[in-house]
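Student: Provided herewith is a single structure, encoded as structure tokens, for subsequent inquiry.
The values are calculated or read from the model by the stated rules, or taken from the named source; none is laboratory data. Quick caveat, the model's predicted, so the values are computed rather than measured. We place every Cβ from the backbone using ideal geometry, glycine too, and count neighbours over all the protein chains shown. Side chains included, ligands, DNA and RNA excluded: accessible areas come from the protein's heavy atoms. Shrake-Rupley method; radii C 1.70, N 1.55, O 1.52, S 1.80 Å.
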Amino acid sequence: MKDFLLDKLGDIVLTNDLTHVNGPEEIAQSVRVILSTRLSEFELEPSLGLTHDNLLGKNLNKDYLKQDISETILLQEPRITSIEEIQIIKLEKRGLQINIKMLAENEEVEVEVIA
């Protein structure tokens, strides 16, 4: 698949022309978009995104959050065959930074998500 290259804020990267991304980089970008979108936030595709039920609150359970992340990726990105590792780097009231290692089409894909 081929898609427009997005920067870390989700904006299209423009040089002299539109830049495209494909292969593992495009899969990583797709996962980043899914996890950076709140479930039902995108009206044209309400099933896209991550539920924030286990992301908010005082007694946050990292295991539940990892489970939500894993289930979301596997349900919404069919090219991902398994989640190898989810590392929660930073978890604050209004921010999340995670690193995820996954297998897609017999190739390891790694993505960093800041939401």
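Student: Out of Leu18, Thr81, Ala115, whose Cα points farthest toward the positive end of the dipole of the chain (charges: +1 Lys, Arg; -1 Asp, Glu; placed on Cβ)?
Tutor: Ala115
Student: Between Ser40 and Leu60, what FRET efficiency follows from the Cβ-Cβ distance if R0 is 25 Å, with the result rounded to 0.05?
Tutor: 0.75
Student: For a Förster distance of 30 Å, can you work out the FRET efficiency between the beta-carbons of Thr81 and Leu14, rounded to the nearest 0.05?
Tutor: Efficiency computed from Cβ-Cβ geometry: 0.35.
Student: Below 17 Å Cα-Cα, how many Lys pairs turn up in the chain? Only count pairs eight or more apart in sequence, or on different chains, if you could.
Tutor: Total qualifying Lys-Lys pairs in the chain comes to 11.
Student: A further question follows. Please return the longest stretch of the chain lacking exposed loop sites, where GluC sites (Glu not before Pro) count only if DSSP places them in a loop and at most 14 other Cβ atoms lie within 10 Å.
Tutor: Excluding the exposed sites themselves, the longest stretch runs over 44-104.
Student: Taking the Cα centre of the chain as the origin, how large is its charge dipole in debye, to the nearest 20, when only Lys and Arg (+1) and Asp and Glu (-1) carry charge on their Cβ atoms?
Tutor: 560 debye
Student: For the chain, what does the accessible surface come to per residue with a 1.4 Å probe? Please give it in Å².
Tutor: 67 Å²
Student: For the pair Asn22/Ile114, report the inter-label distance in nm, with labels modelled 7 Å from Cα in the Cβ direction.
Tutor: Each label point lies 7 Å from its Cα, and together they span 2.9 nm.
Student: Right, here's the next one. Would you mind finding the longest exposed-site-free stretch of the chain, with exposed trypsin sites (Lys or Arg not before Pro) meaning DSSP loop and at most 12 other Cβ atoms within 10 Å?
Tutor: 9-57
Student: Helix 62-76 versus the longest principal axis of the chain: what angle, 0 to 90°, nearest 10, using Cα atoms?
Tutor: 40 degrees
Student: Oh, and also: At q = 0.11, 0.12, 0.17 Å⁻¹, what log₁₀ I(q)/I(0) does the chain have when each alpha carbon counts as one equal point scatterer in the Debye sum?
Tutor: -0.36, -0.43, -0.85
Student: Another question, then. Add -39500 (n - 2.57) for each DSSP H run of 4 or more in the chain, then divide by its residues: what number comes out at 222 nm, to the nearest 500 deg cm²/dmol?
Tutor: -8000 deg cm²/dmol
Student: Taking only Cα atoms, what is the 0 to 90° angle, nearest 10, from helix 24-36's long axis to the longest principal axis of the chain?
Tutor: 40 degrees
Student: Based on the Cβ-Cβ distance from Asn106 to Glu71, what FRET efficiency comes out when R0 is 22 Å, to the nearest 0.05?
Tutor: Efficiency at R0 = 22 Å is approximately 0.50.
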